[in-house]
1. Tell me yes or no: at least one residue of the stretch 522-536 is free of Cβ contacts under 8 Å to residues at least 24 places away in the same chain, surrounded by 16 or more Cβ atoms within 10 Å (Cβ to Cβ) and within 27 Å of His598 (Cβ to Cβ).
2. Any residue in the stretch 182-190 that is within 26 Å of Val59 (Cα to Cα), in the same structural domain as Ser51 (by TED's automatic domain parsing) and among the hydroxyl-bearing types (Ser, Thr, Tyr)?
3. Can you tell me which of (1) part of a loop (DSSP other than H, G, I, E, B); (2) modelled with pLDDT of 95 or more is the one Phe532 doesn't meet?
4. Could you list, ordered by first residue, the pairs with Cβ atoms under 7 Å in which the first is in the stretch 493-513 and without any contact (Cβ under 8 Å) to a residue 24 or more places away in the chain and the second is among the acidic types (Asp, Glu), at least 6 apart or interchain?
5. Within the stretch 128-146, track down each residue that is surrounded by 14 or more Cβ atoms within 10 Å (Cβ to Cβ) and under 26 Å from Ile178 (Cα atoms).
6. I'm told Leu484 meets every condition in (1) surrounded by fewer than 23 Cβ atoms within 10 Å (Cβ to Cβ); (2) out of contact with any Leu (no Cβ under 7 Å at 6 or more places or on another chain); (3) not aromatic (Phe, Trp, Tyr) except one. Can you identify the failing condition by its number?
7. Does Lys125 satisfy being exposed (fewer than 13 other Cβ atoms within 10 Å of the Cβ) and in contact with a Lys or Arg (Cβ under 7 Å, 6 or more places away or on another chain)?
8. Take residues that are aliphatic (A, V, I, L, M) and under 17 Å from Gly396 (Cβ atoms) and tell me which of the helices (runs of 4 or more DSSP H) falling wholly in the stretch 221-322 contain 1 or more.
Amino acid sequence: MDTAFKDNLDQYINKLQRIAIRLNGVRGAHPLRIGREGAAIAMRSARLFLSYCALVSLVRRNIELISEPFCVALVIIPVGWQLTDVKEAAKIILKDEKVRFYIHPETKSRRGWDIDPAEELIFGKLIIFATEGSPVHEDFELAATMRDRLRTCDVRHLRALAKLRGCGDISDNQAALIAEQPSERMEAIFRIGQPACRAALRLTELGPLRPVAEEVKHLDLSKGFGEAGDWAQELKKDLQDWRDGKLPWSDVDKGCLLYGPPGTGKTRFAAALAAECGMHLEATSISRWQSSKDGHLGDMLKAMYKAFAAARENTPCLLFLDEFDSIGDRSKFVSSYADYSIQIVNGLLECLDGIEGREGVVVVGACNHPERIDPALVRSGRLEKHIHFPLPDAQGRAQILGFHLPSLAEHPSLKEIAAKLPGKSGADLERLSRDARRVARRERRSVTIDDVRGKVEPLPILSEGYQLRVSIHEAGHALIAHALLVGHVERVEIFDNSENFATDIDAHGLTVMRYPSVPFQTRWEMLNRITFHLAGAAAEEVVYSDRSTAASGAGQSDFAIATEIAVEMVTRWGFGKSPYYLPGSINTSNPGELWRDHRLRAEVGEILQTEYARARDMLSGLKQTLVAFATELARHKRLQGDQLEKLWPVPSAPGDTEARNANRH
């Protein structure tokens with residue numbers, strides 16, 4: 001910039017206002033009047049405006065080098081400044097030039113760079129933006145014809161921005177303090193029409209507002225993880241023995257499949273497992289492989305091989321593969337893309353136990369639907385250990401909340417809150433903790449138990465009418481289970497959400513069963529199980545001539561379980577109208593495919609309708625007992641042991657006759 005421009009602030013502001021017009025994309029034959037419209041146009045973004053000003057200065061300092069037809073410019077951006085803003089500003093300045101802009105990654109993995117500089121260096125003009133202090137690929141350093149540091153937040157730029165936005169004057173000290181702030185804070189400091197000096201004063205009073213890195217917290221794998229925690233401790237010991245030369249790698253578990261509903265903490269467990277065992281963590285997913293380059297077969301296989309190669313280079317290593325069920329099953333691929341998918345599965349099999357081996361690499365896969373995975377991938381020697389990750393119970397929920405809220409971990413009310421959150425996943429509880437911390441942070445104080453309570457949505461309290469209806473529903477389940485000898489009814493409960501709360505599952509009522517352990521099931525026993533699951537809705541129809549949504553609407557609802565049993569009867573056990581069984585002929589993990597199979601749908605529908613009618617007919621004959629049972633349940637909220645024995649129908653009841661007939665089949 002020339003001397004006169006430096007010495008004259010008003011002239012400098014005029015210059016920036018002309019820049020602002022370009023920033024806003026205004027096009028026209030006549031320039032806008034500065035006083036009336038210039039400020040509004042300039043204030044599209046405070047941090048973009050400052051990036052633009054700093055980049056203009058950098059370009060002027062290096063104009064001769066940047067003007068060369070072949071130029072590789074390495075621009076170093078101060079920490080705390082967004083590289084994307086600088087890149088956008090560069091596009092505005094050099095919009096008429098054929099220039100390639102590239103944001104350099106801030107870190108590299110232990111195995112090296114994941115980028116290929118040759119893909120960028122083919123361009124004649126290349127501008128690379130890198131964060132100060134972060135490593136830069138050696139090839140970019142070698143090819144650079146220009147290297148300069150971006151001087152953001154020049155005092156003159158800040159004062160000009162303040163005047164353009166109507167933020168008043170700022171002193172040298174205030175400007176220096178503002179210049180130390182990260183770019184994200186500029187919008188708050190230079191709010192249109194608000195004094196920037198006030199924001200600077202608050203910065204002085206509050207001290208540094210940069211987030212302070214919290215002490216790294218580690219999950220205690222010995223608590224709340226059940227079978228997974230036990231396996232983690234065994235693996236840790238085996239790995240240590242392998243390191244010490246006391247145990248051959250052939251005796252160490254090669255892999256594990258973690259499966260369960262979303263949000264239960266499978267990914268977090270894998271990361272904690274790697275830390276606990278002192279292993280390098282290499283985390284990826286099937287979709288990340290798929291999105292590599294153009295997603296062609298060669299690209300995906302290359303990404304897959306690269307992940308396993310990286311794991312072998314960093315042994316001992318835990319290779320975590322998320323979304324493992326999306327790899328599929330070779331027997332269920334549709335013809336349109338079967339070749340592609342089969343080669344992906346074959347490639348993964350080769351990686352898991354190929355000729356190169358994988359000593360020192362433990363593979364952990366995570367998924368929601370294990371039944372969709374090719375059986376060859378989860379047999380012994382591959383992902384041989386299978387661990388179910390269910391939704392956490394009351395104790396597990398308390399431990400998760402305590403992990404995310406360590407200052408409240410020993411607070412007695414935290415367990416009470418956790419007990420009233422059935423059905424919540426680990427991710428749900430993490431979000432609840434985050435919301436509670438946000439409330440405390442905004443008020444600049446420590447988080448309290450009331451902050452947690454305030455973020456828990458209150459459960460609807462059930463009126464006496466609703467309680468009786470739920471009692472009718474659960475009584476239907478219990479009576480049919482007892483009559484058909486489905487299993488032993490241990491207890492029956494309802495929850496009013498006032499004095500009684502569900503702690504195991506998110507439900508208004510519960511019938512807890514203990515099923516007998518049998519070597520196999522008969523057709524009639526499977527039908528009895530279906531009748532039992534449909535009995536709750538049937539009981540409502542018997543008493544109210546209508547049924548509610550209590551029996552459906554979720555993956556583990558009464559109707560869902562009954563349907564799954566009926567589908568298995570037809571497709572797996574040959575209990576349909578024809579005793580055929582052809583492995584792989586039906587993809588039971590694809591609900592859409594099942595729905596389109598008209599023959600299967602008809603057979604399953606007939607089974608469900610027949611068993612629903614049977615449950616309704618049995619309960620119609622037991623209506624007096626049904627109502628008496630429900631009345632007692634509504635009064636006591638929980639029935640078990642001797643309380644139940646007094647409520648079962650006498651031997652002459654129609655249900656007993658039905659049970660005797662059932663057991664003769």
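The values are calculated or read from the model by the stated rules, or taken from the named source; none is laboratory data. Bear in mind the structure is a predicted one, so any value in this text is a computation, not a measurement. Glycine gets a Cβ as well: all are built from the backbone with ideal geometry, and neighbour counts include every protein chain shown.
1. Within the stretch 522-536 (the criterion being free of Cβ contacts under 8 Å to residues at least 24 places away in the same chain, surrounded by 16 or more Cβ atoms within 10 Å (Cβ to Cβ) and within 27 Å of His598 (Cβ to Cβ)), the answer is no, since none of the residues qualifies.
2. Checked the stretch 182-190: at least one residue is within 26 Å of Val59 (Cα to Cα), in the same structural domain as Ser51 (by TED's automatic domain parsing) and among the hydroxyl-bearing types (Ser, Thr, Tyr).
3. Going through (1) part of a loop (DSSP other than H, G, I, E, B); (2) modelled with pLDDT of 95 or more one by one, Phe532 breaks only (1).
4. Listed by first residue and then by second, the contacts come to Val512/Glu490.
5. Phe129, Ala130, Thr131, Ser134
6. Here Leu484 meets the rest and fails (1).
7. When the stated conditions are applied, Lys125 does not pass them.
8. 226-243, 266-276
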